[in-house]
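Written below as structure tokens is the structure these notes are about.
The values are calculated or read from the model by the stated rules, or taken from the named source; none is laboratory data. Just so it is clear, the model here is predicted, and its values are computed rather than measured. Note that each Cβ is placed from the backbone with ideal geometry, even for glycine, and that neighbours are counted across all protein chains shown. SASA here: full protein model, heavy atoms, side chains in, ligands and nucleic acids out. Shrake-Rupley method; radii C 1.70, N 1.55, O 1.52, S 1.80 Å.
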Amino acid sequence: DRCVFSSPELKDIQFIRSNYYNKLEVARFTSSLGKFVGYTEFGAKQANYWNSNPSFISGLKAQREAYCLTNVGIDY
């Protein structure tokens with residue numbers, strides 16, 4: 001998990017969760033898209049599975065505020 005900051009305001013903060021297998025990024029969640037995107041065949045299947053669970057996706061969307069906004073003062 002990581003946060004990308006372009007300013008200390010919440011609207012300019014992006015939460016990213018990347019999933020790797022054998023050092024290759026297979027899927028990524030970004031709060032700006034609000035869903036997972038698969039980069040390999042396996043990653044696309046996983047992304048479809050994760051995106052079909054609305055409670056999991058809403059929890060990740062909340063991480064932008066809970067995880068990133070809490071640490072913006074330290075990281076920015």
Picking from Y67, Y39, Y76, the residue that is modelled with pLDDT of 95 or more and among the hydroxyl-bearing types (S, T, Y) would be Y39
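Yes or no, residue by residue, for (1) β-branched (V, I, T); (2) touching a residue at least 60 places away in the same chain (Cβ under 8 Å); (3) out of contact with any Leu (no Cβ under 6 Å at 6 or more places or on another chain):
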residue: C3; (1), (2), (3): no, yes, yes
residue: I16; (1), (2), (3): yes, no, yes
residue: N19; (1), (2), (3): no, no, yes
residue: G38; (1), (2), (3): no, no, yes
residue: Y49; (1), (2), (3): no, no, yes
Restricting the stretch 8-33 to residues that are of a type in the set (G, A, S) and over 8 Å from the mean Cα position of the chain (by Cα), the one nearest to A66 (Cα to Cα) turns out to be S32
Per the filter on the stretch 8-20, residues farther than 17 Å from G59 by Cα and either modelled with pLDDT under 95 or not hydroxyl-bearing (S, T, Y) (or both) are P8, E9, K11, D12
Restricting the stretch 1-27 to residues that are basic (K, R) and part of a strand (DSSP E or B), the one least open to solvent (accessible area, probe 1.4 Å) turns out to be R17
Within the stretch 28-76, residues being exposed (fewer than 13 other Cβ atoms within 10 Å of the Cβ) and of a type in the set (A, V, I, L, M) number 4
When every residue in the stretch 32-76 that is of a type in the set (S, T, N, Q) and outside any helix (DSSP H, G or I) is compared, the one farthest from Y21 (Cα to Cα) is S32
